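Structure, as structure tokens:
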There are 2 protein chains.
Amino acid sequence: MTRNGRPTSRDVAQEAGVSQSTVSLVLGGKWTGRVSPGTARAVHEAATRLGYRPNEAARTLRLGRSGTVLLVVPTLSSPFFGAVYTGAARVAAAHGFRVVVYPWPETEGPSGGPFEAIDGILASSMTAGVLGGFGGAPVVMLDSDPADAAPTVDFDVAEGMTRIAEHVLGLGHRHVGHVAAAVDEWTFRSRGQALITAVTDAPGGRFSRAHAAIDVAAARDAALRLLRNRDRPTVLVCDDDLLAAGAYKAARALGLEVPADVSVTGFDDVLLATALEPELTTVRLPAAALGAEGMAALLELLDGGAPRSRSLPGDLVVRDSTAPPPR
Amino acid sequence: MTRNGRPTSRDVAQEAGVSQSTVSLVLGGKWTGRVSPGTARAVHEAATRLGYRPNEAARTLRLGRSGTVLLVVPTLSSPFFGAVYTGAARVAAAHGFRVVVYPWPETEGPSGGPFEAIDGILASSMTAGVLGGFGGAPVVMLDSDPADAAPTVDFDVAEGMTRIAEHVLGLGHRHVGHVAAAVDEWTFRSRGQALITAVTDAPGGRFSRAHAAIDVAAARDAALRLLRNRDRPTVLVCDDDLLAAGAYKAARALGLEVPADVSVTGFDDVLLATALEPELTTVRLPAAALGAEGMAALLELLDGGAPRSRSLPGDLVVRDSTAPPPR
DNA sequence: TCGTCCGGGTCATACGTATTACGTCGTGGC
DNA sequence: GCCACGACGTAATACGTATGACCCGGACGA
């Protein structure tokens, strides 16, 4: 027992009356034919008696890999990343890796300092600029600009937004208001582009747009700007479920009923979507699948492969916030 | 340059024409008076030229600490933990530590396997049983049962719930319905206890209760059970903001207006509280302060101190979901 | 002239593990 | 009786870093 208080493999060896190598062999599991069953049992007993835990730093140094991958996210304050984590962790665990999460607000710049011993990185919803902040570990980007150099797994948000557009156009709406996220990220640019294309391609389709920071109050103001026009849209397509919550507030403030007077749609299908009243029509993005696919790609990368980037489709979920336009 | 591809401090030494020790001294920053400024500059240049990054595993092994603490949370799907992280990370950074997050659903049991090199653990909203799953690293518990052996930083939820009770009693309510979380956690037991005490202590105070899993649909059903009684409560006090969202739905389903016909309160003040319509009266728990205080306690523990457990008060936030009872 | 000290570095070592190459002892074949 | 071999372990080493113990040449005081 070293002065540190934590027993080492050598302490176990002494306790069991064998050498450190034997302990390592036994506890490593690869001892069939090298160590007698009796000795092995003695080692195990000594280890549990002392409460031995291998020192991960030493193990990592020796093996050259830590079995840990980092999931970098811009914020924890979104259930979205919880689902991404779940998917990633499931795949990782099946391959003997564990996942820890590092929240890294992009505003912090590409600093971050030297990272702990990490085998690879999954970076979600970030721009490529952050890549420099890491110590050269293999990276797979999630939900990020597919033009980046790193392998990327994305949502096909353009297709999802097109589904939204088809849905509301199919209900008979012609004037579509877009409550757009005032954030210059690939995913929002892509959503807006798909929407405007679908709407202006439709016969008689018209389009107006207001920008808002991603927060309820800002979205409410933006939606008010759209709804106060004398020629007002009959549906508000929002870039995000949270923005849709703001649109609800704007409608209520003007005495308009959702969906009778104005329809509203969201995007992402977060927890919020079913908490709202009426429940929100939105696009469900398969966040867990994103994490799983991303982790699979990363593991392939760690194995020396060259994974292809890919896009996952979203599902249109029709709930109670959309209806045909008022007469 | 080793075959691994990543340059070591020895490679830098060779490039700069000095010894490895000198590189370590210079890059460690503690070289004033030991190394000439010229040599130091040469080392820095060689390091950047080679793109040298110190091997964290080796550094950790040598120093006996990694500069990393783990924040263990039951789930990422709650903005609450985002705030806890922010507070904890700020304090940690000021002391040269970084924080990574490990989501650990309690359902997974106290397994978890050997952890990476970690100096300490901050475990939020968990029962003490999980402690065994970690390798004996110093632990501070957050938002957990203060009866646990480990140092604990908590919210004074009893006091917060008492404030809620005072508020609604002060508005004139006498019959209080409690939408209780059907979860056997310290914090919810404590909330329920405080509420029932305050209500039954008030002259004329009456109390009914329904339990619900923490999800909107279950909360709606529980609230319906309360509101369908012929002698129905005039206010629904919910253990949680999410439960309050369900209570809103129940009220609407019965054609009752919030707050005119029935008042509703939440607890936690998560994002949801302002997204709901009307905005929710709730108790704001200072999650960031919880993280910060917890990290301060952990750092004290790592320094050999014995931090005291403490409780942080919450703030009653009165919004639009509470009003005097109907005539 | 000699001892001392100091600036400027280097050598050697230890952290705890996994693994490769080597020993040792008993047994069986010839 | 001797060699080979299998069964069972052990000694030694390397991973990359930080750091305490040394080392050396010159300046300076006595």
* Structure fact -> Quick count over region B:66-97, residues being closer than 29 Å to B:Glu15 by Cβ and either within 15 Å of DNA strand C (Cβ to nearest atom) or out of contact with any Lys or Arg (no Cβ under 8 Å at 6 or more places or on another chain) (or both), is 2
* Asked: B:Arg206: in contact (Cβ under 8 Å) with a residue 24 or more places away in the chain and basic (Lys, Arg), yes or no?
  -> yes
* Mind checking which residues of region A:233-257 are farther than 26 Å from A:Ser190 by Cβ, away from every other protein chain (no Cβ under 11 Å) and outside any loop (DSSP other than H, G, I, E, B)? -> none
* To do: Could you check B:Leu285 against (1) farther than 24 Å from B:Phe207 by Cβ; (2) in contact (Cβ under 8 Å) with a residue 40 or more places away in the chain; (3) not charged (D, E, K, R) and say which number it fails?
  => (1)
* To do: Given the conditions (1) crowded, with 17+ Cβ neighbours inside 10 Å; (2) more than 14 Å from every other protein chain (Cβ to nearest Cβ), report the number of the one that A:Arg319 does not fulfil.
  => (2)
* Might you let me know whether region B:261-272 holds any residue that is surrounded by fewer than 20 Cβ atoms within 10 Å (Cβ to Cβ) and either assigned to a helix (DSSP H, G or I) or modelled with pLDDT of 95 or more (or both)? => yes
* Would it be correct to say that A:Ala222 is modelled with pLDDT of 95 or more and over 28 Å from the mean Cα position of the chain (by Cα)? -> no
* To do: Select from region A:23-59 the residues that are surrounded by fewer than 16 Cβ atoms within 10 Å (Cβ to Cβ) and within 11 Å of chain B (Cβ to nearest Cβ) and list them in ascending order.
  => A:Gly51
* Asked: Does B:Thr107 satisfy the criteria of being farther than 18 Å from A:Glu56 by Cα, surrounded by fewer than 19 Cβ atoms within 10 Å (Cβ to Cβ), within 13 Å of chain A (Cβ to nearest Cβ) and modelled with pLDDT of 75 or more?
  -> no
* Asked: Could you give every pair whose Cβ atoms fall below 8 Å, whose first residue belongs to region A:171-192 and is closer than 15 Å to A:Met161 by Cα, and whose second residue is β-branched (Val, Ile, Thr) and part of a helix (DSSP H, G or I), counting only separations of at least 6 or pairs across chains?
  -> A:Val176/A:Val168; A:Val176/A:Val199; A:His178/A:Ile196; A:Thr187/A:Val157; A:Ser190/A:Val157; A:Arg191/A:Val157
* **Positions within region B:17-33 being without any contact (Cβ under 8 Å) to a residue 12 or more places away in the chain and more than 7 Å from DNA strand D (Cβ to nearest atom), in sequence order** => B:Ser19, B:Gly29, B:Trp31, B:Thr32, B:Gly33
* Structure fact -> B:Gln14 fails exactly one of (1) among the polar types (S, T, N, Q); (2) touching a residue at least 12 places away in the same chain (Cβ under 8 Å); (3) within 16 Å of DNA strand C (Cβ to nearest atom), namely (2)
* Asked: Which residue out of A:Ala198, A:Ala180 is buried (at least 16 other Cβ atoms within 10 Å of the Cβ), outside any helix (DSSP H, G or I), of a type outside the set (Asp, Glu) and modelled with pLDDT of 95 or more?
  -> A:Ala180
* Structure fact -> Only one of (1) closer than 25 Å to B:Ala117 by Cβ; (2) within 8 Å of DNA strand C (Cβ to nearest atom); (3) away from chain A (no Cβ under 14 Å) does not apply to B:Arg62, and that is (3)
* Quick one: which of A:Ala223, A:Ala198, A:Ala217, A:Ala149 is more than 23 Å from A:Ala287 (Cβ to Cβ), within 14 Å of chain B (Cβ to nearest Cβ) and free of Cβ contacts under 8 Å to residues at least 40 places away in the same chain? -> A:Ala217
* **From A:Ser66, A:Ser9, A:Ser36, residue being free of Cβ contacts under 8 Å to residues at least 60 places away in the same chain and within 7 Å of DNA strand D (Cβ to nearest atom)** => A:Ser36
* Taking region A:78-96, which residues are of a type in the set (Gly, Ala, Ser), surrounded by 19 or more Cβ atoms within 10 Å (Cβ to Cβ) and farther than 13 Å from A:Glu293 by Cα? -> A:Ser78, A:Gly82
* To do: Starting from residues that are touching a residue at least 24 places away in the same chain (Cβ under 8 Å) and not β-branched (Val, Ile, Thr), keep the ones in region A:39-52 and report whichever is nearest to B:Leu61 (Cα to Cα).
  => A:Tyr52
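The values are calculated or read from the model by the stated rules, or taken from the named source; none is laboratory data. Source: prediction; values computed, not measured. Don't worry about glycine lacking a Cβ; one is built from the backbone with ideal geometry, like all the others, and counts go over all protein chains shown.
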